[in-house]
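To keep things clear, I will list the structure first and then write my remarks on it.
Each reported figure results from applying straightforward, stated rules to the coordinates on display, with no laboratory input. Here the structure is a predicted model, which is why all the values come from computation and not from measurement. Virtual Cβ from ideal backbone geometry, glycine too; neighbours counted across all protein chains shown.
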Amino acid sequence: MKGLLLLSSSLLIIGCSKSIDDSLLIDNSGLMYLPNSDKAFTGKAYRNYKNGNTEYEGTYEDGRVEGLVTMWYQGGQKKAEQKFQSGEIDGLGVTWYVNGQKKSEQYIEGDKLVGLSTLWYENGQKKEEKNYNNGKLSDEKSWDPDGNLKE
């Protein structure tokens with residue numbers, strides 16, 4: 001009997017954690033719901049390209065995007081990662097070129113850029129660095145595609 005109860009509990013947990021296609025979600029005043037549900041959606045969601053590759057995946061909590069959202073190019077290469085809190089961008093965000101080279105990295109806190117924000121050229125050379133203090137630019141540097149510091 002204990003084994004059956006444990007198995008039933010495990011199946012329930014696995015079933016409830018299944019990702020759903022985000023096209024099923026309905027936006028109601030900024031919160032996402034499943035059809036015929038009066039409770040805001042909590043769980044994993046994804047969207048696929050027509051070729052079947054994943055376009056993005058993320059998690060919702062009480063109808064809002066929460067945690068890490070990951071996006072991919074149509075060919076399957078990672079495109080971006082961004083952290084969310086209560087439906088708002090909050091935390092580290094990273095983007096990549098289709099060739100896999102890092103494109104940008106920035107940190108957003110409370111709707112403001114904070115700390116070092118960096119951009120790279122597609123060839124891997126650093127393009128610019130900007131330092132932000134509470135959303136205000138405090139320092140910046142930029143380079144040409146060959147890696148020479150611009151004046």
Can you pull the three principal axis extents for the Cα set of the chain, in Å, largest first?
-> 73, 34, 33
In the neighbourhood of residue 139 defined by beta carbon distances under 12 Å, the net charge of the other residues (Lys, Arg +1; Asp, Glu -1) is 0
Rounded to the nearest whole number, the per residue volume of the convex hull around the C-alpha atoms of region 79-151 in Å³ is 63
Could you give me the ³J(HN,Hα) list for region 55-70, computed from phi with Karplus coefficients 6.51, -1.76, 1.60 and θ = phi - 60°, whole Hz, x at Gly and Pro?
-> 8, 7, 8, x, 10, 10, 9, 6, x, 10, 5, 9, x, 7, 10, 10
Taking Cα atoms, how many degrees apart are the long axis of helix 2-16 and the longest axis of the chain, rounded to 10 and kept between 0 and 90?
-> 50
Near residue 126, within a Cβ-to-Cβ distance under 13 Å, what is the net charge of the other residues, with Lys and Arg +1 and Asp and Glu -1?
-> -1
Cα-based Rg of region 77-118 per 2.2 N^0.38 Å, rounded to two decimals?
-> 1.19
Using θ = phi - 60° and the Karplus form 6.51 cos²θ - 1.76 cosθ + 1.60, what ³J(HN,Hα) does each residue of region 105-114 get, whole Hz, x for Gly and Pro?
-> 8, 8, 10, 10, 9, x, 6, 10, 5, 9
Which net charge results for the neighbourhood of residue 71, defined as the other residues with beta-carbon distances under 14 angstrom from its beta-carbon, given Lys and Arg at +1 and Asp and Glu at -1?
-> +1
Considering only the chain, percent of DSSP beta bridges that pair antiparallel, nearest 5 | 95
